[in-house]
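Engineer: Below is a structure I'd like to ask you about.
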Amino acid sequence: MSDELTCDILVVGGGLIGTALALGLEHQGWDVILVESATADELTRVPPPAQVPDDFEPRVSALSLASQSLLGDLGAWPLDGGRVCDYQRMVVWDGEGTGRIEFDAADLQVSALGAIVENRLVISALMQRVQASKLRLLDGATVTGWWEQPDGGRGIELSDGRRIQAALTVAADGARSKLRQWAGVPSREWDYQQQAIVCTVQTAQSHRHTAWQRFATTGPLAFLPLAGEDPQAGHFCSIVWSQDTAEARRLMALPDDDFRQALGEAIEQQLGPVEAVSRRHAFPLRQCHAKQYSRPGLVLVGDAAHAIHPLAGQGANLGYSDVRVLLEELARARDSGLAPDDHLTLARYERRRKGENLAMMAAMEGFKTLFAQEALPLRWLRNTGMRWLDGAAPLKNRLAAQAMGLGV
Ligand SMILES: Cc1cc2nc3c(=O)[nH]c(=O)nc-3n(C[C@H](O)[C@H](O)[C@H](O)COP(=O)(O)OP(=O)(O)OC[C@H]3O[C@@H](n4cnc5c(N)ncnc54)[C@H](O)[C@@H]3O)c2cc1C
C-alpha cells in the first residue's frame, strides 16, 4: 500500500466548520479528503436524553438564520430529535446602569432570531452526511506537519507516517491552528486575561425563548435558552460567564450551591433561582486573527483564521460565512477550469471575508472596552446609547438583521 494519498482539496479539522466545507466541496465534484483527530464514532455518538444539566454538551452555538440555511443546503438542518431551541427575543442590559436593549423576532417579521444548539449535535448531523458521501474521511488521524517540495508539491503528514498531497489544503483546525503555524502564516493574537466559565443550568422559571445577556464591568454573562427532548423535564440554559482570570478561578472553586447563588444574583434572578448546575468548564479568552487567509496551496477558515471573544456568540456564524464564500469562489474556479489553488480565487475569498471578520472583532473589542469602564461619563454614554438604540427601531432592526445573517 502506498503511504502517499493525493486529492484536489484536503480539509484538516472536522469541527463545525471543516466538516461543512468538506461536504460542500464534495457536492461541487472536487476530490476531497477530510482529516479529523477524533473518531467518527465519537462524533456521531447519540447523546443521552436531556433531563439534567449534565446531559447537555457545554459548547453551544447561537446559529443565525444564514448559518441554518447553509446547513440546510448540506442536508444537515433541521436536526432530528428536536433538541434545538429557537429564540424569539434577545435582551441585553447594563448591570451597573439603566441601559437596556430588546430585540424581537416579531419586529423583524421572522419566526426566530436564531437557534441555540449543542455543537456536537450539528457536527454529528454533518458527519453522518459525510459518511454517506463519496468524500474520503480519515478519522482518528492527526496531522503532524506540513511539507513543501521544490517542484511545487505540497501537503501534510499524519502521525502514522502517511503523507497526503493536495493542490489546496484548508486549515480548519481551530483557534490554535498548528497548520497555520507550520505554514508560517503570521497572526495577531491577544489575551484578554479573562476566562469564560461555561456550563448548563436548570432554572426555576422558563427562559421564555429569550437569550439574556447582562454586561458588568467585570465581564458579560449570557443565559442562552436550551431545549430538552421533554418540555416538561425542566428549564435549561447554557451559560457563558466571562470574568477576569482571578475572579473566574474563584468562581470555579466555589461549591455548587454557592456558585448557583452567585449566578442567580449575577443574572438578577431573571429566571428565578438557579436550581442545578452541570460540571463547569473554563476557557481562557483570547482573540486571534490571521494576517493572511491564504498562501500558496493553503487557505484558512473558521477559528483557524479568526477566533473572537464569545460575548456575542458569533464565532460559528463567521466560520459559516467563510464556508459560504469559499464555496462560491471555488465553484467559480471549477466552472472556469481553474485549479483549486488558483491565486486570484483565494485572494477574492480573503478580500470578501476579511472586512466582515475584522469589523466583528473590532465591535467585540469596543463592546468589551466600553463595558469595562467605571468612569461616570462612559457609563452615562453607554446607558444613554443603549436606551437611544432601543428606541431607534429602524437602526436596531437593521443591526439585528445583520447579526442574523439576513444581509439587510
Ligand atoms: C467558551 C466559548 C463559547 C462559545 N460560544 C459560541 C456561541 O455561542 N456561538 C458561536 O457562534 N460560537 C461560539 N463559540 C465559538 C465557536 O465554538 C467556534 O467559533 C467554532 O467551534 C469554530 O469551529 P472550527 O471548526 O473552526 O474549530 P473547532 O471547533 O476548534 O474545530 C477544529 C477541529 O480540528 C480538529 N483538529 C485540530 N488539530 C488537528 C490536527 N492536527 N489533526 C487533525 N484534526 C485536528 C479538532 O479535533 C477539531 O475537531 C464559542 C467559543 C468558546 C471558546
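Engineer: For the range 221-239, enumerate the residues that are surrounded by fewer than 24 Cβ atoms within 10 Å (Cβ to Cβ), more than 13 Å from Phe56 (Cβ to Cβ) and in contact (Cβ under 8 Å) with a residue 12 or more places away in the chain.
Structural biologist: Leu221, Asp230
Engineer: Another one. Of Gly140, Gly145, which residue is in contact (Cβ under 8 Å) with a residue 60 or more places away in the chain, surrounded by fewer than 20 Cβ atoms within 10 Å (Cβ to Cβ) and within 13 Å of the ligand (Cβ to nearest atom)?
Structural biologist: Gly140
Engineer: Taking into account only those residues within the range 313-325 that are more than 8 Å from the ligand (Cβ to nearest atom) and of a type in the set (A, V, I, L, M), which is surrounded by the fewest Cβ atoms within 10 Å (Cβ to Cβ)? Give the derivation first.
Structural biologist: Within the range 313-325, the first condition is being more than 8 Å from the ligand (Cβ to nearest atom), and the residues that meet it are 320-325.
Pick out the ones that are also of a type in the set (A, V, I, L, M) and you get 323, 325.
Values: Val323: 27, Val325: 18.
Applying the filter and picking the extreme gives Val325.
Engineer: Next question. If the requirement is being touching a residue at least 12 places away in the same chain (Cβ under 8 Å) and surrounded by fewer than 17 Cβ atoms within 10 Å (Cβ to Cβ), which of these qualifies: Asp54, Asp31?
Structural biologist: Exactly one of Asp54, Asp31 is touching a residue at least 12 places away in the same chain (Cβ under 8 Å) and surrounded by fewer than 17 Cβ atoms within 10 Å (Cβ to Cβ), namely Asp54.
Engineer: If Ser242 meets every condition in (1) buried (at least 21 other Cβ atoms within 10 Å of the Cβ); (2) more than 20 Å from the chain's Cα centre (by Cα); (3) within 16 Å of the ligand (Cβ to nearest atom) apart from one, which number is that one?
Structural biologist: Unmet for Ser242, out of (1) buried (at least 21 other Cβ atoms within 10 Å of the Cβ); (2) more than 20 Å from the chain's Cα centre (by Cα); (3) within 16 Å of the ligand (Cβ to nearest atom): (2).
Engineer: Now, a different point. Taking Pro186 and the conditions (1) under 25 Å from Arg286 (Cα atoms); (2) in contact with a Ser or Thr (Cβ under 7 Å, 6 or more places away or on another chain); (3) surrounded by fewer than 21 Cβ atoms within 10 Å (Cβ to Cβ); (4) not polar (S, T, N, Q), which numbered condition does it fall short on, given that it satisfies the others?
Structural biologist: Going through the list (1) under 25 Å from Arg286 (Cα atoms); (2) in contact with a Ser or Thr (Cβ under 7 Å, 6 or more places away or on another chain); (3) surrounded by fewer than 21 Cβ atoms within 10 Å (Cβ to Cβ); (4) not polar (S, T, N, Q), Pro186 breaks only (2).
Engineer: Here is a check on your reading of the model: is Asp8 among the charged types (D, E, K, R), out of contact with any helix residue (DSSP H, G or I) (no Cβ under 7 Å at 6 or more places or on another chain) and assigned to a strand (DSSP E or B)?
Structural biologist: Yes; evaluated as a whole, the condition is true for this residue.
Engineer: Look at the range 1-49 and say how many of its residues are more than 16 Å from the ligand (Cβ to nearest atom) and either closer than 19 Å to Lys178 by Cα or touching a Cys at 6+ places or on another chain (Cβ under 6 Å) (or both).
Structural biologist: So the count comes out to 1.
Engineer: Continuing with this model, one more query. Filter the range 245-262 down to residues that are farther than 30 Å from Gly82 by Cα and acidic (Asp, Glu) and give me whichever is nearest to the ligand (Cβ to nearest atom).
Structural biologist: Glu247
Engineer: Here is a follow-up. Looking at the range 246-255, which of its residues are surrounded by 14 or more Cβ atoms within 10 Å (Cβ to Cβ) and in contact with a strand residue (DSSP E or B) (Cβ under 8 Å, 6 or more places away or on another chain)? Can you show your working first?
Structural biologist: Our first condition is that a residue be surrounded by 14 or more Cβ atoms within 10 Å (Cβ to Cβ); within the range 246-255, this holds for 247-248, 251-252, 254.
Once the filter is applied, which keeps residues that are surrounded by 14 or more Cβ atoms within 10 Å (Cβ to Cβ) and in contact with a strand residue (DSSP E or B) (Cβ under 8 Å, 6 or more places away or on another chain), the range 246-255 yields Ala248, Leu251, Met252.
Engineer: How many residues does the range 50-72 hold that are among the hydrophobic types (A, V, I, L, M, F, W, C) and either in a loop (DSSP other than H, G, I, E, B) or away from the ligand (no atom under 14 Å from the Cβ) (or both)?
Structural biologist: Qualifying residue count, the range 50-72: 3.
Engineer: Of the conditions (1) surrounded by 13 or more Cβ atoms within 10 Å (Cβ to Cβ); (2) on the phi > 0 side of the Ramachandran plot, Leu168 satisfies every one except a single condition; which number is it?
Structural biologist: It is condition (2) that Leu168 fails.
Engineer: Tally time: how many residues in the range 183-221 are hydroxyl-bearing (Ser, Thr, Tyr) and outside any strand (DSSP E or B)? Before the answer, list the steps.
Structural biologist: First pass over the range 183-221, keeping only residues hydroxyl-bearing (Ser, Thr, Tyr): 187, 192, 200, 203, 206, 210, 217-218.
Now narrow it down to the ones that are outside any strand (DSSP E or B): 206, 217-218.
Number satisfying all stated conditions: 3.
Engineer: Right, another one. I'd like to check which strands (runs of 3 or more DSSP E) are fully inside the range 73-155 and have at least 1 residues that are of a type in the set (Gly, Ala, Ser) and under 27 Å from Thr169 (Cβ atoms).
Structural biologist: In the range 73-155, 143-148 are the strands (runs of 3 or more DSSP E) which contain 1 or more residues that are of a type in the set (Gly, Ala, Ser) and under 27 Å from Thr169 (Cβ atoms).
Engineer: Kindly indicate the residue of the range 287-312 that is over 14 Å from the mean Cα position of the chain (by Cα) and surrounded by fewer than 20 Cβ atoms within 10 Å (Cβ to Cβ) and also nearest to Thr245 (Cα to Cα) among those meeting that condition.
Structural biologist: His289
Engineer: Exactly one of these conditions fails for Cys237: (1) of a type outside the set (D, E, K, R); (2) touching a His at 6+ places or on another chain (Cβ under 9 Å); (3) within 26 Å of His306 (Cβ to Cβ). Give me its number.
Structural biologist: The one condition Cys237 does not meet is (3).
Engineer: If you don't mind, there's one more thing I want to ask. Residues of the range 60-87 being buried (at least 16 other Cβ atoms within 10 Å of the Cβ) and either β-branched (Val, Ile, Thr) or touching an Asp or Glu at 6+ places or on another chain (Cβ under 7 Å) (or both), which ones?
Structural biologist: Result: Val60, Arg83, Val84.
No value in this document is a laboratory result; all are computed from the given coordinates. All values derive from a computational prediction rather than experimental measurement. All Cβ positions, glycine included, derive from the backbone under ideal geometry; neighbour counts span all protein chains shown.
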